[in-house]
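Just below is one structure, and these are the notes that go with it.
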Amino acid sequence: MELSRKTFWVVDVEGNGANPPEIVEIAMVEVRDLALQSRRMEWLVKPKAPITPQVTRIHGITDEDVAQSPDIEDIADDIMTWTNEGRIIGHNVKVELDAISRAIPDWRPAMAIDTLKLARFAIPGRESYSLKNLGTDLRLNSIAARESGKAHHSALFDSVLTGLLFCHLIPRLPVDRHQSALEDSDIMNSAQGKFLL
């Protein structure tokens, strides 16, 4: 089976605005055989530092929302079970790699496919490769809203949208380019320079 049709987990995180940011929301969506699957997980997470008003304006999550939520250590085993040494996908996936690896030092995926890079291969010459603009232009936003019941900057919405984008981009490439495009979009690939050492 070609790599693009194997199982991936799309991961998205939202942060608290600290430097470096702590995770306040995380979602994971399974993609297999170039289709979204029913296995989806999302958590609000209580950070150690307060959520800044600036990021609350973006994702809408407040300190009150996460006051009774688990710490990241409480859900680390679940995240490790599904994604450690597996294949993950994210839009500008380095953000997810940074945040999760800081919070869970033993976590390390085998691949980290960046749909931002993948979109540049599949749809060259665009002015914007933001997730929101790609979702709008490819008519995926309304599907993501229906599938997730959420809106932009919700971790579940963004992970569903990123999964839909991945499933949309791969078929736009010639079949003989699928493998190389995924390898080139994998920021864990040694040719890209190892992210986690």
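A few points about this structure:
- Positive contributions from Lys and Arg (+1) and negative ones from Asp and Glu (-1), summed over other residues with Cβ under 13 Å from the Cβ of residue 144, come out at +2.
- Temperature 25 °C, viscosity 0.890 mPa s: under these conditions the Stokes-Einstein estimate for the stretch 39-91, based on its Kirkwood radius over C-alpha pairs, is 191 µm² per second.
- Cα-based shape type of the stretch 34-132, given that a ≥ b ≥ c are square roots of the gyration tensor eigenvalues and the cut on a/c is 1.5: oblate
- Taking every DSSP helix (H) stretch of at least 4 residues in the chain, weighting each as -39,500 (n - 2.57) and dividing the sum by the residue count yields a mean residue ellipticity at 222 nm of -11000 deg cm²/dmol.
- Net charge in the neighbourhood of residue 71 (other residues with Cβ under 12 Å of its Cβ; Lys, Arg +1, Asp, Glu -1) is -1.
- For residue 14, the solvent-accessible surface computed with a 1.4 Å probe is close to 20 Å², ligands and nucleic acids excluded.
- For the residues 7, 83, a 1.4 Å probe over the protein chains yields an accessible-area ranking, largest first, of 7, 83.
- Kirkwood Rh in Å, taken over all unlike Cα pairs in the stretch 88-197: 14.5 Å
- Within-13-Å neighbourhood charge of residue 157 [Cβ basis; K, R +1; D, E -1]: -2
- Area of residue 75 that stays accessible when all protein chains are in place (1.4 Å probe, Å², to 10): 10 Å²
- GNM remark for the chain: springs join alpha carbons under 10 Å apart, and the peak mean-square fluctuation among 175, 55, 29 falls on 175.
- Percent of C-alpha pairs per 10 Å bin, the chain, short to long: 9, 37, 37, 14, 2, 0
The values are calculated or read from the model by the stated rules, or taken from the named source; none is laboratory data. It should be emphasised that the depicted structure is a prediction, and the values quoted were computed from it without experimental measurement. All Cβ positions, glycine included, derive from the backbone under ideal geometry; neighbour counts span all protein chains shown. The area values use the complete protein model at the heavy-atom level, side chains included, leaving out ligands, DNA and RNA. Shrake-Rupley method; radii C 1.70, N 1.55, O 1.52, S 1.80 Å.
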